[in-house]
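Comments concern the structure below.
Bear in mind these aren't lab numbers, they're just calculated from the coordinates by the rules spelled out. Computed from a predicted model, the values in this text were never measured in an experiment. With ideal geometry, Cβ positions are generated from the backbone for all residues, glycine too; neighbour counts draw on all protein chains shown.
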Amino acid sequence: MGRREEALEPSQEAVTIYQRLAEANPGAYLPDLAMSLNNLGAMLSELGRRDEALEPSQEAVTIRRRLAEANPGAYLPNLAMSLN
């Protein structure tokens, strides 16, 4: 709907929630945290805030790389998406 600015705050909130959940239970929530970080980075980039987009994007790649090392069949496609 083109309301990217309005979507930014809920996206940041999702990252914060998944960070807390992943601290308590990484096995269950690291993939979701990586997805939220990837989405936040993409959203910031689309808004022209590329400097701000770099940190969440890099964090998503780091998490997904670790997940892919442990289980390539499940997580290599997601790592490739984040690298793209």
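Brief remarks follow.
- Using a Förster distance of 35 Å, the FRET efficiency for Gln12-Glu69 (Cβ separation, nearest 0.05): 0.80
- Straightening the chain between Asp51 and Asp32 buys 4.5 nm, computed as 0.36 nm per residue apart minus the Cα-Cα spacing.
- In the stretch 14-66, a dipole from Cβ-located charges (positive for Lys and Arg, negative for Asp and Glu) runs towards its positive end, and of Leu33, Ala14, Leu54 it is Leu33 whose Cα lies farthest in that direction.
- The stretch between Gln19 and Ala42, if pulled fully straight at 0.36 nm per residue, gains 6.5 nm over its current Cα-Cα span.
- In the chain, the DSSP-assigned H stretches of four residues or longer account for a calculated mean residue ellipticity at 222 nm of -30500 deg cm²/dmol, using -39500 (n - 2.57) per stretch and the full residue count as denominator.
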